[in-house]
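Inspection log for the structure reproduced underneath, given as structure tokens.
The values are calculated or read from the model by the stated rules, or taken from the named source; none is laboratory data. In this text, all values refer to a predicted model and were calculated from it rather than measured experimentally. When we count neighbours, we look across all protein chains shown, and the Cβ atoms used for this are built from the backbone with ideal geometry, even at glycine. In case anyone asks, the SASA skips ligands and DNA or RNA and just uses the protein heavy atoms, side chains included. Shrake-Rupley method; radii C 1.70, N 1.55, O 1.52, S 1.80 Å.
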Amino acid sequence: MASPEPSISDRAFINRTVEAVIRIGMIAGLIAWCFMIARPFLIPVVWGAIVAVTVFHGYEMLEVALKGRRILAAVLVTFFMLIMLVVPSVLLGESLVTGASQLMKSFQSGDLSIPPPPDSVARWPLIGEPVASAWTLASQDMGEALRQASPLLKRVGTWLLDAAEGAGIALLQFILAIFISGAFLANADAAGRTTRAVAARLAGERGLTLVAVAEKTIRSVASGILGVALIQALLAGVGFLVAGVPAAGLLTLICLLSGVIQLGVVIVLIPVVIYLFSTAEMTTAVGFLIWALLIAPLDNILKPILLGRGVDVPMIIIFVGAIGGFLSSGIIGLFLGAVVLALGYKLFLTWLKPDDPTADAVS
């Protein structure tokens, strides 16, 4: 028995469904294509927006001082941020290269010598005997010690080369992000209107509230977490350079990373203090110790001031965001992940508490 012919209404419904599927497919394809084209610039653009929001108040004050010349104000802010990024990077990178070159020359000339380990090293639990054995061998025959450790050194060398490549790419991304942030600042009014319009389309009447929460969270986390880590790392780097510590650039980078993931710079400063008291003059060692004692508590002083009220974010959110961002996007993801995850956390809390969008998070 033949199936009945579809009615006119059924045919119209089928036609509308097919047309809707085709339109949705075309729009989805266009969005995917646009994303593939813009993907290499996605991280610098997002980071540029974060930087622009963070420095916007300073830009506004400079614009007022320049009598409303917003383009000039944006150029000056961009130039200042480039100096703050490039100059320390060049100085610390040069110190790292110089330290590596001196180490290689000392090894090739035979001047590199390692003192024998203290007797207490062998009594360390679990690792004492192997550490004392390797240390003793290195103090007696550096060539043999390096030969035995060659497999490990190859892996470490490969990791260092990859890390150096990632650091170079991250530096370029930072520079690009600074230029993008300058463009956002120069067009701050238009960017603000666009952001509010998008938020209103996505969240209706609460869109403006979410934009305000996002702005406050980005500015507070970027200055209170990333800014404090950067300040401590730069100050520590100055101390490393003045004290003549080898690989000052690498140590400064480690200070920055440990500061972002909330471990603090103390874990780097303590070994350096011990090293200086063992190898340097007493005046240099004591001077660096005083400098380290001034740097170490800075985060406890500045964070409460810069984070501000109403944007408290649990440190586990910052830690997970920083580590996850680093694993997914490299060094720049370390900074970007902390801000983005903190932003998502605060927006989620705002969504849960519509009557109190600025309620403090429970740390």
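Assorted remarks:
- Count - residues of the stretch 21-79 that are under 25 Å from the mean Cα position of the chain (by Cα) and among the hydrophobic types (A, V, I, L, M, F, W, C): 22
- When residues in the stretch 220-239 are screened for being touching a helix residue (DSSP H, G or I) at 6+ places or on another chain (Cβ under 7 Å) and open to solvent by 40 Å² or more (accessible area, probe 1.4 Å), 4 of them pass.
- When residue 30 is tested against (1) open to solvent by 50 Å² or more (accessible area, probe 1.4 Å); (2) touching a Gly at 6+ places or on another chain (Cβ under 8 Å), just one condition goes unmet, and that condition is (2).
- Every residue from the stretch 180-190 that is surrounded by 18 or more Cβ atoms within 10 Å (Cβ to Cβ) and either at pLDDT below 85 or not small (Gly, Ala, Ser) (or both): 180, 184, 185, 188
- Taken over the stretch 203-214, the criterion of being open to solvent by 70 Å² or more (accessible area, probe 1.4 Å) and within 29 Å of the chain's Cα centre (by Cα) is satisfied by 208 alone.
- Complete set of residues in the stretch 49-68 that are surrounded by 14 or more Cβ atoms within 10 Å (Cβ to Cβ) and either in contact (Cβ under 8 Å) with a residue 24 or more places away in the chain or not aliphatic (A, V, I, L, M) (or both): 49, 50, 51, 52, 53, 54, 55, 56, 59, 60, 63
- Yes/no for residue 221 being part of a helix (DSSP H, G or I) and over 16 Å from residue 47 (Cβ atoms): no
- Number of positions in the stretch 264-281 that are modelled with pLDDT under 80 and either aliphatic (A, V, I, L, M) or assigned to a loop (DSSP other than H, G, I, E, B) (or both): 1
- Of the candidates 209, 284, the single residue that is part of a helix (DSSP H, G or I), farther than 22 Å from residue 59 by Cβ and at pLDDT below 80 is 209.
- Which listed residue, of 177, 167, is under 28 Å from residue 227 (Cβ atoms), modelled with pLDDT of 75 or more and hydrophobic (A, V, I, L, M, F, W, C): 177
- Residue within the stretch 86-94 that is under 20 Å from residue 46 (Cβ atoms), modelled with pLDDT of 65 or more, open to solvent by 40 Å² or more (accessible area, probe 1.4 Å) and in a helix (DSSP H, G or I) present: no
- Among the residues of the stretch 252-279, those that are open to solvent by less than 40 Å² (accessible area, probe 1.4 Å) and free of Cβ contacts under 8 Å to residues at least 40 places away in the same chain comprise 255, 256, 258, 264, 265, 268, 269, 272, 273, 276.
- Qualifying positions in the stretch 320-335 - open to solvent by 20 Å² or more (accessible area, probe 1.4 Å) and aliphatic (A, V, I, L, M): 320, 323, 327, 331
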